[in-house]
Amino acid sequence: MRKVRSAIVRRPASVVRRSRTGLLVFAAWLVLAAPAAATEAETFIRETADRVFAAYAVPVTDEDRAGVFRDVLSTTFELKTIARFTLGRYWRVASAAQRKEYRRLFEDFLVLAYANRFRDLAGVKLRVTGARMINKRDWLVQSEIGADGTRPPIRIGWRVRQAGAGLRIVDVIVDGISMSVTQRDQFAAAIHAAGGKVEGLLAMLREKTGTPE
Amino acid sequence: MRRALRNGLARAVVALLCAGVVGPVGCATAPPAGDPESREAFERANDPLEPFNRVVFVANIVADRFVLKPVAYVYKEAVPAPIRDMVSNFLHNLRSPVILLNALLQGDIDHAGTTVLRFSVNSTLGFAGIVDLAGEFGIVRRDEDFGQTLAVWGVGEGPYLMLPLLGPSNARDAVGRAADYFSDPLTYLGYEKFGYSRFGAKIIDVRARNYDLLNDVERTSVDFYATIRSLYGQNRRDAIANGAEAGLPPLPDIPGEEDDFEDEEGQERDRPPTG
């Protein structure tokens with residue numbers, strides 16, 4: 001009887017000890033791994049930016065720029081996640097065919113919207129200022145450009161996460177303005193105006209991107 | 001209790017506006033409580049006066065196309081960039097008293113000091129403010145206004161408003177604009193012409209600086225009105241937080257791959273048909 005009780009009493013203690021060891025290991029992992037991952041995320045953004053700015057530095061046509069931008073988009077952005085986010089609550093009511101078409105149109109739309117917006121950035125150097133974890137999945141890499149003038153520099157935040165093969169960008173935040181949020185908000189308004197029909201947005205995106213139905 | 005009172009007040013104001021001012025156009029009706037997702041979207045847009053706002057927006061666009069935009073274009077093309085920068089600097093320097101007041105009201109002694117320093121340096125060595133000398137030394141500008149002060153004090157933004165000629169705003173920021181006007185010592189100089197010229201110059205300066213950006217945004221919007229509304233809200237939140245990425249930027253949760261309903265081939269897996 002006594003033996004049994006002591007066994008019962010002892011077991012929780014060992015569980016506590018084991019979990020404490022686990023906690024220590026976890027804490028050590030946090031301390032050691034976090035800076036490494038932060039550096040990794042920072043390096044990823046630095047390399048991506050260098051690649052884009054270098055490509056934009058040579059005088060190119062708008063079409064060339066669109067090509068470069070599309071290439072960067074497909075290799076460094078987690079487009080599936082972004083597409084889903086920007087469709088918001090309408091993702092669930094969209095049919096499989098609509099989702100598929102939306103993804104394709106959304107990518108074309110991004111190229112159209114942003115490929116040439118940054119044409120003045122040719123030769124600009126992006127300065128990565130830090131990175132921190134914002135939730136269990138995502139890093140926010142902070143950076144700035146154009147700090148040479150008297151104006152405050154433009155702040156660019158890159159929301160980065162580990163996805164499959166490597167790191168991928170899920171949002172870009174310029175001076176506090178999130179690209180994903182902006183697109184989600186205007187898409188929601190467009191669908192709402194079309195009576196809650198996703199097809200309404202798809203039609204507008206087809207028209208904008210010049211895609212036949 | 002205070003919150004309930006504030007919400008009640010806001011609702012009463014909206015109801016009054018809907019009934020009186022915007023009578024013929026009407027207001028957006030809130031979705032029923034039984035539809036929480038539509039309700040959330042409605043609240044996020046924060047635009048109960050949307051039908052009225054859209055009418056004002058169209059009027060603003062027309063005024064922009066025929067008056068402001070051409071003027072800004074000529075200004076941008078005819079006046080060299082360094083001169084335009086001087087105009088910009090001069091106008092910003094004139095705002096110093098209002099910035100100082102609001103920094104103090106927000107309890108930001110640091111920024112109040114910075115504002116005094118910038119104003120003294122730029123008004124003297126910077127030739128009455130046309131050269132941002134303090135900025136050259138790394139003491140960069142940061143705008144403050146009474147709308148931001150109210151936000152720091154905990155006042156909510158109130159419904160989104162599209163103001164005639166003045167552009168996007170909300171109830172709080174519209175009150176802020178009026179307060180800024182009346183708290184500005186330059187308002188009481190007694191030179192009416194100075195006030196008008198300053199106002200005109202400011203509008204042209206801002207429009208010219210954002211010329212390409214606005215063109216791009218309009219070209220690439222499926223709903224220009226909604227895009228402007230979203231940009232305004234995000235921009236104000238950033239200004240209120242003083243661009244502090246020390247405070248987390250309001251990033252929404254972006255669903256990850258594991259929450260996805262689809263696998264690689266885009267096949268439906270475990271989703272009940274909803275539409």
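Rounded to the nearest 0.05, what FRET efficiency do B:Tyr188 and B:Leu91 have when you use their Cβ-Cβ distance and R0 = 22 Å? Write out the running numbers ahead of the final one.
Details: r = 18 Å, r/R0 = 0.84.
With a Förster radius of 22 Å, E is 0.75.
Percent of accessible area on the stretch A:39-209 owned by carbon and sulfur, 1.4 Å probe?
On the way: 4020 of 7220 Å².
Solvent-exposed carbon and sulfur of the stretch A:39-209 make up 56 percent of the total.
Working out 0.36 nm times the residue gap between B:Ile83 and B:Ile61, then minus their Cα-Cα distance, what length gain in nm do you get to one decimal? Numbers along the way, then the final one.
Values: separation 22, 0.36 × 22 = 7.92 nm, distance 2.77 nm.
The B:Ile83-B:Ile61 span can extend by a further 5.1 nm.
Calculate one ³J(HN,Hα) per residue across the stretch B:94-103 by plugging θ = phi - 60° into the Karplus curve 6.51 cos²θ - 1.76 cosθ + 1.60, and present them in order as whole Hz with x for glycine and proline.
Whole-Hz 3J(HN,Hα) from phi for the stretch B:94-103: 5, 7, 3, x, 5, 5, 4, 4, 6, 4.
Tell me the total accessible area that A and B bury against each other, 1.4 angstrom probe, in square angstrom rounded to 100. It would help to have the intermediate numbers written out before the result.
Numbers: alone 13570 and 17830 Å², together 26620 Å².
Counting protein atoms only, the buried area is about 4800 Å².
I'd like to check one number: the per residue accessible area of the stretch A:39-209, probe 1.4 Å, reported in Å² as a whole number.
Values: 7220 Å² over 171 residues.
Computed with neighbouring chains in place, this is 42 Å² per residue.
Where in the stretch A:90-145 are there trypsin sites (Lys or Arg not before Pro) that are in a DSSP coil and have at most 10 other Cβ atoms within 10 angstrom of their Cβ?
Numbers: sites: A:Arg92, A:Arg99, A:Lys100, A:Arg103, A:Arg104, A:Arg117, A:Arg119, A:Lys125, A:Arg127, A:Arg132, A:Lys136, A:Arg137; in loops: A:Arg92, A:Arg117, A:Lys125, A:Lys136, A:Arg137.
Sparse-neighbourhood loop trypsin sites (Lys or Arg not before Pro): A:Lys136.
Taking 0.36 nm per intervening residue step and subtracting the Cα-Cα distance, what contour gain separates B:Tyr196 from B:Leu104 on full extension?
Working: separation 92, 0.36 × 92 = 33.12 nm, distance 2.76 nm.
Gain on stretching B:Tyr196 to B:Leu104: 30.4 nm.
Rounded if a/c is under 1.5, else prolate if a/b is larger than b/c, else oblate: which is the stretch B:156-218, with a ≥ b ≥ c the root eigenvalues of its Cα gyration tensor? If you can, show how the numbers build up before the last one.
Values: a/c = 3.04, a/b = 1.20, b/c = 2.53.
Because a/c hits 1.5 or more and a/b fails to exceed b/c, the stretch B:156-218 counts as oblate.
Between A:Thr21 and A:Val58, what FRET efficiency comes out of the Förster formula 1/(1 + (r/R0)^6) with R0 = 45 Å and r the beta carbon distance, rounded to 0.05? Each step should come with its number before you reach the end.
On the way: r = 56 Å, r/R0 = 1.25.
The calculated FRET efficiency here is 0.20.
Cα-Cα over 18 Å: which of B:Lys76/B:Lys202; A:Lys80/A:Lys100; A:Lys125/B:Lys76; A:Lys80/A:Lys208?
Pairs exceeding 18 Å: A:Lys125/B:Lys76; A:Lys80/A:Lys208.
What number comes out for the charge environment of B:Ser230, summing +1 per Lys or Arg and -1 per Asp or Glu over other residues with Cβ under 9 Å away? Don't skip to the answer; put the middle values down first.
Details: positive: A:Arg184, B:Arg229; negative: A:Asp185.
That works out to +1.
The values are calculated or read from the model by the stated rules, or taken from the named source; none is laboratory data. Because the structure is predicted, anything quoted here is derived from the model rather than measured. Please note: Cβ atoms are built from the backbone with ideal geometry, for glycine as well, and neighbour counts cover all protein chains shown. The protein model used for the area step is the full one, side chains on, heavy atoms only, and it has no ligands, DNA or RNA in it. Shrake-Rupley method; radii C 1.70, N 1.55, O 1.52, S 1.80 Å.
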